[in-house]
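The structure appears right after this line, and notes come after that.
FYI, it's all coordinate maths here, none of it is from the lab. A quick note: this is a predicted structure, and the numbers were derived from the prediction, not measured. Please note: Cβ atoms are built from the backbone with ideal geometry, for glycine as well, and neighbour counts cover all protein chains shown.
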């Protein structure tokens, strides 16, 4: 065997060993070594291998999110640019996403789909008298993350058959929003209705950790249930509409 053949054989053998290690590496070891370290996030029942595994139970604080499944392309790891597919299911929040590393400390998500309970928005909206019912669908694309945060993204959300309960009960119809992150730390959004009982026109802006939202709300056709719900949602205007304003921090202050 020539020297060149020996070098090629050694290279192929080393490559096969590396592929085998990636293929068989236990998922629970990978999570222990490389998983995010957070007191708020808890995972249980980790099974499978690095390239294809699952966490049977995922918790964020005391909120059960569901089961997380993932697949990791072994060749992408050997190239130094891992590609990961995630799927969260079986709980109140569902998510599917494709992540790939595009550079040092940078991740790209070509597309992300998520469905979450509308009630998760209650702390940010700060309307304690009303309970938000139903689910919100979020579709995002062209997402880029860096070690500094969200670099860019654009997407849409839909709260279909929106309704509220609590101090008042009302069906609001379909509500929609379009948003984009034009630069690091900034998110801008516009909201509108789909022609249902609630007339909505509003905007949202996030800058750093501070957010601010403003919207004009009205009962289309004088819907009495919507009018009653709007009593708890903002400042009454002369034309019968309500002006809603809220601002705060995405990280609540410590109590």
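Brief remarks on what is shown
- In terms of overall dimensions, region 65-181 has a Cα radius of gyration and Dmax of 17.3, 57 angstrom.
- In nm, spacing of pseudo-spin labels at residue 192 and residue 81 (7 Å Cα→C-beta vector): 3.8 nm
- Each residue, residue 147 and residue 178, gets one label point 7 Å from its Cα in the Cβ direction; the gap between the two is 3.6 nm.
- Semi-axes of the equivalent ellipsoid of region 105-255 are 29, 17, 14 Å, computed as sqrt(5λ) over the eigenvalues of the C-alpha gyration tensor in descending order.
- Cα-derived Rg over Rh, computed across region 79-135 with Rh taken as Kirkwood radius: 1.18
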